[in-house]
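All remarks here apply to the structure that follows.
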Amino acid sequence: MSVNANPTSPPPALLDQAERGVLPLVELFNGAQALIDGGAPQSAVRLYEQWLAHTHSPLAYAVWFNLALCHSGTGNDTRAEGDYLKAIALNPGYIEARLHLGALYERQGRADDALATWQAILTDVSDLPAHPALHVQTLNHIARLLEQCNRLSEAAAMLTQSLQLRADQPAVTAHWVHLRQKLCRWPVWQALAGVTLEQQRQHTSALTMLGILDDPAAQLAAARHFAATKLRADLPPLCEPAGYPHRRIRIGYLSSDLCSHAVSMLTAELYELHDRSRMEVYAFSWSREDESPLRARVVGAMDHYVRIDRMSDEEAARAIRAHDIDILVDLHGLTAGARPGILCWRPAPVQVAWLGFPGPTAIPGVDYVIADAFVLPPELEAHFTERPLRMPHTFQISDRQRVVGPPLERAAHGLPAHGFVFCSFNSASKITPAMFSAWLRILRRVPGSVLWLLADAPEARANLMGAATEADIDTARLVFADRISPGEHLARLPLVDLFLDTAPFNAGTTASDALWAGLPLLTCAGRTFSARMAGSLLHAAGLPELVTHTLADYEEMAVALAEDRARLSALRQRLVENRDRSALFDTPRFVRDYEDLLASVVRRPAGVPLRDEADPLRTHAVPHPAPDQLSAQQEGMLALMRRGMHSVVEVGGATLAQAWRAREPHSHFVGIGGAAPAQDWSTRFVGGDVETLDDAAWRQLAPAQCWLFPETLERLRDPWAFLQRIRREALGNVELVACVSNGQNWLMQSLLASGNLLYQEGGVPERRSLHLFTRASIEALLRDCGFRLVDIVALHAHQPDAAVLAAVRQLALVAGADPVLAERDALPAQYLVRAVAA
């Protein structure tokens, strides 16, 4: 049986001209684009391939480039890579092809190849100065990826070159300043040809400003500058200003940090503890799929998890509005990866800033900021665009489920066995010259002490050691820590005697970790929210005496505690004994207070009776009993599914939902196609034709880690197009697990030979099957759609007579095939396969 995977063909006239080598280039491009716009990219590929096979043109490199874009758009990165390389070989100066090839490598996680491809533009393209815009774009691409690879010095050098080529780049200037901050290049603002100190200050990002100046007016000015240049304040609100009449409060969390990130490390238990009789919890997320246990926990704790990665800000806002969200909590503010443009559309009647950005955001449409009396006192309100919603104890929540690794020894980390150990595990970008000078004076006054720091970049370490040398402090007294897993980090904190906080940008999650581990922390509270965070936590932990208000007092307190071990030991003991009773770590009480606070500002339409909503779909907190009996097919598919996956989609129903969620009760299981079963164990069911899903539905399914096809792959009208769409839309390393009937089975061959191939319900062949697949064609299907077969298991049913097998072998011989292999492949009734994105 022959199967046409791509039934839509190029127009015969165009194809004929291409095969005769007479199709003009403009008509080729226009015809191919029309096919792409019409949803037939594979036909555009065929048209390009025919043109290249029969046409000799000095402009063929441009066709190879367009062919690469087609292949990339259908998820075939392997072919796209080859096409880009051919375009470059034909025209080494074709910068656009090199830029796209580097982007493809970056998307595949091949950072070194991407960097090499882009850096070759700087060395191999002789007329690069004639293309200043592409030159600057290349430098900025390299800088961005170098920073992601923690090669900060090289990244800064690239941005310096970029600014020297074109000084008027506010965003590049802002990033250049931030890199200097990360590298401890002091002063952070330093004259650069074409970019004055005033311009640097003007373009410094709001996030960077938090760590430079303890000046609330300067922080507000930076936020307002960003809002004025990047955001729109004139957009019509999408929400109903008066609110909605449902009884439970629908709270939405807006974040890209619902993964292994500091924000989730604090908030994971919050999502689990929300009172479902009072709150319905949504996540609107563009978080990376890092496959961490923390991410699985956070996603599993949501009643509704909505991906908005591939939506524009307006589309995302409209998606939020469609859920009638009462309160939208932005966990980002103005940090990296934020999408404040969504909030400008006001998709919810009440919008709140919390945790991600400890300062004013100036984002249009944000009404409130979660705070407390210490972190945001009345005198600071004038420097915030948001009104404070003050928690009774502290603004910051904590997770009591943090796992601490096994105990560690000082010697393993280069620490003295008996000397006093100070530490500051804040990011090096939070260290200022004034703070570091205070630390060096403390070291000088406490003989034998060391300072344990976290500085990722080699240059940052070198710069800190250089400052120590200038102050006549032995650099051996600076010990540098590496980044390790959260559990290991918590395990190393007891090795320390005293945590020295940074100012004006205090520790947040890092302070919570230290106090949870029983490590006293000393802070210097300033005049801004960011400079008062640790003080808030210390008050909630019952250690207000560790909050100082000048660097001089901070220094004196650090020395006094180092010299009075008994006093320090008493503080540590009090911290440990009161930990579970303190307001800082009483997470259930925090959640109740937080919900009360939100309930005080939620809006409800006057005079409209409130509706009682149904309970969340099969709430995540209830484990699902495993079914009493599973078929061999179901057991086999479950055995192939990787444990720990938080999002699974089954095509054709939800037959595996109960068994899977009995194993993984916190995971999400979406059934699509047909009608929901009477007892539906999925977290969501999407009825209808799976092959006519619209773009909005695909965006919701994009985070799925695994797609299941229990005898449904062969029932799709175009499984090639469907699998390519999965591969193209997937946000992570997506997997497929399928049960596929074997079209080469001996019974199928016998029915064909006898002319009795009668389709029937539940029979052989099944009446709903539209395609026949063999072991070889299954692998070809997966390969063509961008997947790699990693497991295949044969399921056998009835065994044939010896005469049937002899006939199978004889037919194979006549066809020139391997008779032994033909007999082996005729025995399975079905194949269970597992494939991963190539």
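The values are calculated or read from the model by the stated rules, or taken from the named source; none is laboratory data. All figures in this text were calculated on a predicted structure; none of them were measured in a lab. Using ideal geometry, Cβ is built from the backbone for each residue, glycine included, and neighbour counts are taken over all protein chains shown. These area figures cover heavy atoms from the full protein model, side chains too; ligands, DNA and RNA do not enter into them. Shrake-Rupley method; radii C 1.70, N 1.55, O 1.52, S 1.80 Å.
A few notes on this one:
- Against the main long axis of the alpha-carbon atoms of the chain, helix 565-578 sits at an angle near 50°.
- With all protein chains in place and a 1.4 Å probe, the accessible surface of the stretch 490-648 carries 51 percent carbon and sulfur.
- Here each label is just a point 7 Å from Cα along the line to Cβ, and for residue 790 and residue 821 those points are 2.5 nm apart.
- The stretch 660-708: C-alpha gyration tensor shape, a/c 1.5 cut-off, then a/b vs b/c: oblate
- With the simple spin-label model, which puts each label point 7 Å out from Cα in the Cβ direction, the residue 483 to residue 552 separation comes to 3.9 nm.
- Percent accessible area from carbon and sulfur atoms, the stretch 118-264, protein chains only, probe 1.4 Å: 56 percent
- Taking chymotrypsin sites (Phe, Trp or Tyr not before Pro) across the stretch 707-769, the ones in a DSSP loop with at most 12 further Cβ atoms lying within 10 angstrom of their Cβ are 759.
- Using θ = phi - 60° in the Karplus curve 6.51 cos²θ - 1.76 cosθ + 1.60, the 3J(HN,Hα) couplings for the stretch 75-92 round to x, 9, 5, 5, 5, 4, 4, x, 5, 4, 5, 5, 4, 5, 4, 6, 9, x Hz; x is entered for Gly and Pro.
- Folded to 0 to 90 degrees: helix 95-107 orientation relative to the chain principal axis, Cα: 80 degrees
- Averaged over residues, the count of other Cβ atoms within 10 Å places the peptides 112-119, 266-273, 646-653 in the sequence 646-653, 266-273, 112-119, highest first.
- Heavy atoms of the protein chains alone define the surface here; on that basis the chain has 41 Å² accessible area per residue at 1.4 Å probe size.
- Under 5 Å from the amide H of residue 669 lie the amide H atoms of 648, 683, 684, each residue being 5 or more positions distant or on a separate chain, with H modelled from the backbone and absent for Pro and chain starts.
- Neighbour-limited loop hits for GluC sites (Glu not before Pro), the stretch 338-420 (at most 10 other Cβ within 10 Å; DSSP other than H, G, I, E, B): 409
- Trypsin sites (Lys or Arg not before Pro) restricted to the stretch 261-327 and DSSP loop, no more than 15 other C-beta within 10 Å: 276, 278, 310
- Taking Lys and Arg as +1 and Asp and Glu as -1, the other residues whose beta-carbon sits under 15 Å from that of residue 169 total +2.
- Karplus-based coupling profile of the stretch 536-551, in residue order and whole Hz: 4, 5, 5, 4, 5, 8, x, 10, x, 5, 8, 9, 9, 10, 9, 5, with θ = phi - 60° in 6.51 cos²θ - 1.76 cosθ + 1.60 and x standing for Gly or Pro.
- Against the chain, whose longest principal axis comes from its Cα atoms, helix 111-124 is set at around 90 degrees.
- Theoretical FRET efficiency, 1/(1+(r/R0)^6), r = Cβ-Cβ of residue 78 and residue 277, R0 56 Å, to 0.05: 0.60
- Among 787, 438, 282 the positive-end extreme of the charge dipole of the chain (Cβ point charges): 438
- Dipole orientation for the chain: of the candidates 121, 685, 507, 507 has the Cα lying most toward the positive pole (charges on Cβ; Lys, Arg +1; Asp, Glu -1).
- Two-site FRET efficiency, residue 57 against residue 127, from Cβ-Cβ distance with R₀ of 22 Å, rounded to 0.05: 0.50
- Rounded FRET efficiency, nearest 0.05, which uses the C-beta distance separating residue 600 from residue 767 and R0 of 56 Å: 0.40
- Given (1) 45, 32, 25; (2) 53, 35, 27; (3) 67, 28, 24, the label whose value is semi-axes √(5λ) of the Cα gyration tensor in Å derived from this model: (2)
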